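The values are calculated or read from the model by the stated rules, or taken from the named source; none is laboratory data. If you're wondering where the values come from, they're calculated on a predicted model, not measured in any experiment. Here the Cβ positions follow ideal geometry from the backbone for every residue, glycine too, while neighbour counts run over all protein chains shown.
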Amino acid sequence: MSHTAHIRNHRKPRNRSASTIAMRAGVAGGFLGTLAVAGSSASAYAAEPVTQTIELPTLTADLAAQVAQSAEATQQAAANYQLQAERDTAAAKAAKQAKADLAQAKKKAAEAKRKAEADRKAEQAAASRSAQRTVLTDAAPVSASTTTSSGTATSSSSTATGAAATVIAFAKAQIGDAYVSGGTGPNSWDCSGLVQAAFKQVGVSLPRVSQAQSTVGTQVSLNNLQPGDILYWGSAGSAYHVAVYVGGGMFVGAQNSATGVVEKPLSYSPPTGAVRVL
């Protein structure tokens, strides 16, 4: 224990006046109050966030009108663009159709021109043949002939007159025409079609096919032929070819597709029989 523990403080106590104590208390109190106020203020500012207010412009009647006009203009522009696109599409389609129509019209015109030319040539040929077929009973006499067994023809004193001359004139007028199976004229024939048409000129109606034509009228000998007789090849009733005897040892017939209608001597293809209908 300190040797001064029971010795009272020998220092003299300080003489502090009440005013000094009061002044110090006031200063302390004022300082503490200031700290309290500052702390309270800082807490208040920290608790409330600062908000910045931006004022937007007011939509006036004029501005609204301008917006409406702008929207209307945009809509009208879009409508105009769509209308123009539709017009362009329609124009392109019309142009394509017009091009197709023009091509079709040209094709039809070319076909019509070709047909008209073919018809004109056919009419000219028909007129020429018609002029040759006007030979009637005043036609020049055609000498007759007989045929020997060897197929050679000998002339006789008989001549073709009247109906026989007309038949012969018609047959000769077709020389040069084409041979077509089933042909009955006017520019292509088969053998029986030519014979039938020749006799039709004098009002004689013959069957259509060679088999039947070989049995009409009267059977005659090949040694006693007369102009206008019908020659046939094969058997009577089953003949496969016919022609017209024109006298002078000659006949006219539609032979085949290679020769067409020709005039040939009997020796060219000797017939097997003949019939007389005039």
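Against the condition surrounded by 10 or more Cβ atoms within 10 Å (Cβ to Cβ), at pLDDT 75 or above and either within 30 Å of Gly193 (Cα to Cα) or touching an Asp or Glu at 6+ places or on another chain (Cβ under 8 Å) (or both), how does Ala79 come out, does it pass? Considered against the rule, which asks whether it is surrounded by 10 or more Cβ atoms within 10 Å (Cβ to Cβ), at pLDDT 75 or above and either within 30 Å of Gly193 (Cα to Cα) or touching an Asp or Glu at 6+ places or on another chain (Cβ under 8 Å) (or both), Ala79 comes out as no. When Gly234 is tested against (1) under 15 Å from Gly253 (Cβ atoms); (2) under 50 Å from the mean Cα position of the chain (by Cα); (3) without any contact (Cβ under 8 Å) to a residue 40 or more places away in the chain, only condition (2) is not met.
So that you can scan it fast, the table gives a plain yes or no per residue for (1) aliphatic (A, V, I, L, M); (2) on the phi > 0 side of the Ramachandran plot; (3) touching a residue at least 24 places away in the same chain (Cβ under 8 Å); (4) out of contact with any Pro (no Cβ under 6 Å at 6 or more places or on another chain):
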site: Ala173; (1), (2), (3), (4): yes, no, yes, yes
site: Gly176; (1), (2), (3), (4): no, yes, yes, yes
site: Pro186; (1), (2), (3), (4): no, no, yes, yes
site: Gln196; (1), (2), (3), (4): no, no, no, yes
site: Val209; (1), (2), (3), (4): yes, no, no, yes
site: Thr215; (1), (2), (3), (4): no, no, yes, yes
site: Pro227; (1), (2), (3), (4): no, no, yes, yes
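Scanning region 220-254 for residues that are under 19 Å from Ala171 (Cβ atoms) and touching a His at 6+ places or on another chain (Cβ under 8 Å) turns up Tyr232, Trp233, Gly253.
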